[in-house]
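These notes concern the structure reproduced below.
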Amino acid sequence: MNGRGDPGGATVVGDALRVLVAGDSPRIDATADALAAELVPAAVVRARTLEEARERLDREDVHCALCEFPGETGQELLESTADGVPIVAVTDDGAAERALEAGATDVVSPDASADVLAARVGHVAECRRRAERAADRRHRALMESADAPIWLLEADGTVTYASTAVEDRFGYAPGELERTPLERLLHPDDRPTLREALEGIANGPFGATDRLAVRIGSVDGEWRVATLTLANRLEDPALEGVVATAALPGATAPSDVRDAIDRLEEPLFAVGPDWELRWANAAAGRLFADDPEPGRVLWDVLRGELREEFGRELREAVASASSTRFEATVSDEDGSTTFAVSAAPAREDEAAANGGLTVLARERHDGETGESDRLAVLESAIDALEDGIAVVDDGTIELANRALADRYGQDDLVGHEVARLFDDDLAAAVRERAQSSIVRWMEPVRGELAVEDGVPVDVYVAPLREPGRDRTLCVVRDRRRSGAGALSAARRALTAIERAETAASVRRTVLETLLERTEADLAVWYRADEDRYSPAAIETAGPSPSLEPPPIDRDRLSDDGVALFEDRTGPTAVDRDEVGDFLAAAGIDAERALVVPVGDAAVALATSPEPLAFESLDRDRDREAVEAIADGAAMALAGFARESSLRTCRRDRSRLERELTLEADARDLARSLLEARSREGVERRLCEGLVELGDGSRRETDGPGGATAVVWVGGVDAGSGTVTPRARAGRDVADLLDGLELPVDREAPDPTGRTAARGEATVVDDLEAAPTGTAADAATDPDDSNGERRRAREAGFRSALSVPLSHDRDEFRYGTVTAYAERSGAFGDRLRRIVGFLARVAAYAIGSLERERALLADGVVELEVVFRDDSEPFAAFVRRVGRRVDVRAVVPRSSGGATVYCAIAPADDAAATEAGNGNENAATEDDPLQSAADSVSDLESVELVGDDAEDARSQLVELEFAGATVAERIATHGGVLRSARAVDDRVRLVIELSRTLEVRSFLDALERAYPGTELVARRERDRATRTTRPFEAELRDRLSERQLRTLESAYYGGFFAWPRESTGEEVAESLGVSQPTFSRHLRLAEGKLFELLFDERFSAPE
């Protein structure tokens, strides 16, 4: 079975299959690869993070999503798309049930074959497409069956669809209007109004509406007044346009009905939703100042003295959706007449199509009783009650107020059987109490209304006893609206919150309870982040187009909008004027909002299109119930936050423990490197230790295969410019490294060659990817048979790290260290840091061993180099002095810089004179040392310390330099600077190296520090041997008896201890000499002792 061509495969009919695979783990990667192998190449879309998955779901058509469960990305994705794209969870059998409960449409095992996986995904996607096509067919059928003309417009007013009612009412075939601007059908005077309304609707939020009265022309040239309603559905995927609906005045009543209405003596007329007259009888002329022609606005034809009273009362009837009664007086030539006016709004089913009011005015006569008015007032009072009222006579409802009818969902309950109103048990209990002899029951009976949602009610039953007639009064109280109902709702919500397992469940419970208690149509949970308010959950009262309010930046809101989160202390109902900018930014169209703070950083926002919504919150019980739910939610969320923080702390602790273990292992390895007795031992221990360290770091990877598998040390051959393996450790190293020889090139595609050339670490996160940013990309094939990248890929490695084996800021280079891993991106920052640290320790160890080997070597290499760096202070001093300078010792200072002890040849020395003659910068004979000190930067002082012991004619000078000198750098690299002399504008240096040191590497290091350094001579000779006579015997020969006795007394007397155990006077007294005599003998003895230790006067070789 294959999705590319097999009809039974995972192919979605009518459109290309798009499957989003979310997550970043080896298991989900394997699932994605298997699915991609079965489907077309573009079918599988990858998203490795939750944010990326949400972005793709927002901007792309996705038929199905795959995620791993359990897992943070899968869990959050299931919660955020519970009512959207179907999700297939990749999970083990043990977690399958929990995945389905969390919202997954289907589950599949990670071990399932690619065929099974593709079939399951295709089935889920096809079910979604069928549902979408069914919804589209229902939508089209509803529009075609509508009696009102409907157009679907683009944002600029171009018609893209016209319903069949357009042809019935105006004579235009739907097809001939497509791609035609709607304004062409309107009267020229109404076209600017339409354009302005379209612009406002198109730029407004989703769901915004506008109504305008226009004149629409028919095919036969007649103009018809209509109310055109525009609704913004541009973001609705099913419509993607502006819906325009035309409401025409009602059809003319049959002639016999019309005649009957005209014969009525009482004025009677009807108006539409925009106050346009629909019809009026002849008697209604008494209320009008002009001809009441249908289509004219009521306020234009109504008598002037009636407009204010009628305007106030009729608008109240529309706003409250209930009948209203009032009195109005008309004055004429015959006197004044008072009318009792009743205005009744259309029923709900009529309002959806027509709307408007029917108005009846009855003339009041003198002496007429007010009983009817009192009955009307009583009826209005009963209708105004929140509780339902019903009078039952012999099982039939004789009277029912508006509240009960609304609860049952009927316009009029009179004549209905009471058994139809309640459930069976409740109806039986009501009949039983109605037949009882008890006149008043204090406790209600409980049950539910016989409606779809089963509204819970308390029914108070009171028999009405009359002679010959027994009726029953039933007071029906909605427990959800009562104090008991508020308590019950709070109890249910708090119980659900207590049992919730996730923060999303808590948020959903709060929003659902708000919808139930307040009759809002939308509830959104907003979380206050640092600079924005982000929606975390949304619930609607019924089926509605999907709404996803966007995050709202704080700086887009006024102070009132920000106050939604910061200044509310309890549930507060606010009008649109207070939060209009917030609702507009959220794309919510509402007249009133309820703001419920939840803790310090969240708010539940419920909205309603009704201007009088949320009035129940004025009662303390409802307010306290909502506050209790919000407080319970805040406590539950705080608990989840604490648990999340605790889990984070545990993860951090585990991570830190792993890091500490890794650091401890690294320190142990560093100590092992320093204990090695040979360079080969250091390199071998480094390779083996890094492989073992990589095995220990496996725990910090996302899955298997992340450890360091192979490590090798490469030696750099300066002559050939290549790197070859010196030491190795790991699996299959022979096939990988045998015969490997890599060029040292800064632009090389291989990480080792590039590191050797640049002296810096090179990381390759994916060896499969072609090398970028190198000249070799175009000129060299990185996949040649001897290439490092090719060999590593063929051995199964996916990432590499190469670091220089160097220390002291790359002053000392001993090669490279390269490691390979089996997982892409295996070398994170921490592992890179540890490998770099161990490479520096190994370089220090190798350097120490090399210096020790050099000291023990039998022969030396004498190099003569030309030094051209004018900024180097020691060379500048030599040029200024103009004489040969023999270096006796170089002593680094802890504060930086160095002290150089050197012997300066006399001015009449032939070589010095020759050098001085050729150096125009040589110092004058008057005071050459002071002149040099004054002219050389970084030379802090020059001081004569005596005559040179080797050459009595030379002056022994102490030079203190503030910065590094070439003498110090040569000593650091294992060499000894013997002498220096100026030749023209250059300085010629004589340097001694041990035969064990590589001359080429030494010169390279010197040239890197001082460009332009050039080797002019090289000589080899045996090292002069020190006398083999015992040190003690030599010392005794040099010291006089008194000097030796003075030195022994000072030592054993504690003179050299710290703190001193004896002073110089005390030691002198024990010797029987004066203190000055003791000091002189001690100084002479110390001088001879140090001369024996530090004076390198060697006998000449034979």
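The values are calculated or read from the model by the stated rules, or taken from the named source; none is laboratory data. Every value quoted in this text rests on a predicted model; they were computed, and no experiment measured them. Methodologically, a virtual Cβ is constructed for each residue, glycine included, from the backbone with ideal geometry; neighbour enumeration extends over all protein chains shown.
Looking at the range 946-974, which of the residues that are modelled with pLDDT under 75 and either out of contact with any helix residue (DSSP H, G or I) (no Cβ under 8 Å at 6 or more places or on another chain) or outside the structural domain of Arg988 (by TED's automatic domain parsing) (or both) is nearest to Leu993 (Cα to Cα)?
Ranking the qualifying residues of the range 946-974, first place goes to Glu950.
Tell me which helices (runs of 4 or more DSSP H) are completely within the range 1-92 and hold 3 or more residues being of a type in the set (Gly, Ala, Ser) and modelled with pLDDT of 75 or more, or say none if there are none.
Helices (runs of 4 or more DSSP H) meeting the threshold: 26-38.
Could you give every pair whose Cβ atoms fall below 6 Å, whose first residue belongs to the range 651-668 and is within 15 Å of Asp829 (Cβ to Cβ) and outside the structural domain of Ala842 (by TED's automatic domain parsing), and whose second residue is part of a helix (DSSP H, G or I) and among the acidic types (Asp, Glu), counting only separations of at least 6 or pairs across chains?
Arg658/Glu700
Sort out which residues of the range 918-945 are part of a loop (DSSP other than H, G, I, E, B) and modelled with pLDDT of 75 or more, and write them in order of number.
Val936, Ser937, Asp938
Let's see how each residue does on (1) under 54 Å from the mean Cα position of the chain (by Cα); (2) surrounded by 16 or more Cβ atoms within 10 Å (Cβ to Cβ):
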| site | (1), (2) |
| --- | --- |
| Arg830 | yes, no |
| Arg833 | yes, no |
| Val841 | yes, yes |
| Ala845 | yes, yes |
| Leu849 | yes, yes |
| Phe867 | no, yes |
| Pro873 | no, yes |
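Can we say Ser894 is modelled with pLDDT of 75 or more, assigned to a loop (DSSP other than H, G, I, E, B) and not hydrophobic (A, V, I, L, M, F, W, C)?
The answer is no for Ser894.
Do you know which residues across the range 600-644 are crowded, with 17+ Cβ neighbours inside 10 Å, outside any helix (DSSP H, G or I) and either within 30 Å of the chain's Cα centre (by Cα) or not aliphatic (A, V, I, L, M) (or both)?
Within the range 600-644, Ala602, Val603, Ala604, Leu605, Ala606, Thr607, Ser608, Phe614 qualify.
Could you please let me know if Arg1021 is without any contact (Cβ under 8 Å) to a residue 60 or more places away in the chain, basic (Lys, Arg) and within 26 Å of Leu1092 (Cβ to Cβ)?
Here the answer is no, as Arg1021 does not meet what is asked.
Can you tell me which residue is farthest from the chain's Cα centre (by Cα) among those in the range 702-719 that are modelled with pLDDT under 90 and over 28 Å from Arg27 (Cα atoms)?
This residue is Gly719.
For the range 791-821, give me each residue that is assigned to a loop (DSSP other than H, G, I, E, B) and under 29 Å from the mean Cα position of the chain (by Cα).
Arg798 - this is the single residue of the range 791-821 that is assigned to a loop (DSSP other than H, G, I, E, B) and under 29 Å from the mean Cα position of the chain (by Cα).
For the range 378-461, list the helices (runs of 4 or more DSSP H) that sit wholly inside it and hold at least 2 residues that are among the small types (Gly, Ala, Ser) and in contact (Cβ under 8 Å) with a residue 40 or more places away in the chain; which are they?
none
Any residue at all in the range 254-268 that's of a type in the set (Asp, Glu) and either within 30 Å of Ala384 (Cβ to Cβ) or modelled with pLDDT of 85 or more (or both)?
Yes: one or more hits.
Assess whether Ser979 counts as being touching a residue at least 40 places away in the same chain (Cβ under 8 Å) and among the small types (Gly, Ala, Ser).
yes
With the requirement that a residue be surrounded by fewer than 21 Cβ atoms within 10 Å (Cβ to Cβ), basic (Lys, Arg) and within 44 Å of the chain's Cα centre (by Cα), what does the range 720-751 give you?
Those that are surrounded by fewer than 21 Cβ atoms within 10 Å (Cβ to Cβ), basic (Lys, Arg) and within 44 Å of the chain's Cα centre (by Cα): Arg731, Arg746.
What single numbered condition from (1) within 20 Å of Leu673 (Cα to Cα); (2) in contact with a strand residue (DSSP E or B) (Cβ under 6 Å, 6 or more places away or on another chain) fails to hold for Arg832?
For Arg832, the failing item is (2).
I need a count of the residues in the range 322-337 that are in contact (Cβ under 8 Å) with a residue 12 or more places away in the chain and loosely packed, with under 15 Cβ neighbours inside 10 Å.
3
Within the group Thr1013, Thr1063, Thr1046, Thr1077, which residue is out of contact with any Leu (no Cβ under 6 Å at 6 or more places or on another chain), surrounded by 14 or more Cβ atoms within 10 Å (Cβ to Cβ), at pLDDT 85 or above and β-branched (Val, Ile, Thr)?
The unique qualifying residue is Thr1077.
Can you work out which of the residues in the range 666-680 that are in a helix (DSSP H, G or I) and touching a helix residue (DSSP H, G or I) at 6+ places or on another chain (Cβ under 8 Å) is nearest to Arg853 (Cα to Cα)?
The qualifying residue nearest to Arg853 (Cα to Cα) is Arg679.
Identify, from the list Arg133, Arg184, the residue that is surrounded by fewer than 17 Cβ atoms within 10 Å (Cβ to Cβ), at pLDDT below 90 and either outside the structural domain of Ile216 (by TED's automatic domain parsing) or outside any helix (DSSP H, G or I) (or both).
Unique residue meeting the criteria: Arg133.
Filter the range 875-891 down to residues that are assigned to a strand (DSSP E or B) and at pLDDT below 85 and give me whichever is surrounded by the fewest Cβ atoms within 10 Å (Cβ to Cβ).
The qualifying residue surrounded by the fewest Cβ atoms within 10 Å (Cβ to Cβ) is Val891.
Would you confirm whether any residue within the range 292-304 is assigned to a helix (DSSP H, G or I), modelled with pLDDT under 80 and of a type in the set (Asp, Glu)?
no
Go through the range 154-168 and count every residue that is outside any loop (DSSP other than H, G, I, E, B) and small (Gly, Ala, Ser).
Looking only at that region, the number is 2.
If Val430 satisfies all but one of (1) modelled with pLDDT of 80 or more; (2) in contact with a helix residue (DSSP H, G or I) (Cβ under 9 Å, 6 or more places away or on another chain); (3) more than 28 Å from Leu487 (Cα to Cα), what's the number of the condition it fails?
In the conditions (1) modelled with pLDDT of 80 or more; (2) in contact with a helix residue (DSSP H, G or I) (Cβ under 9 Å, 6 or more places away or on another chain); (3) more than 28 Å from Leu487 (Cα to Cα), Val430 misses (3) alone.
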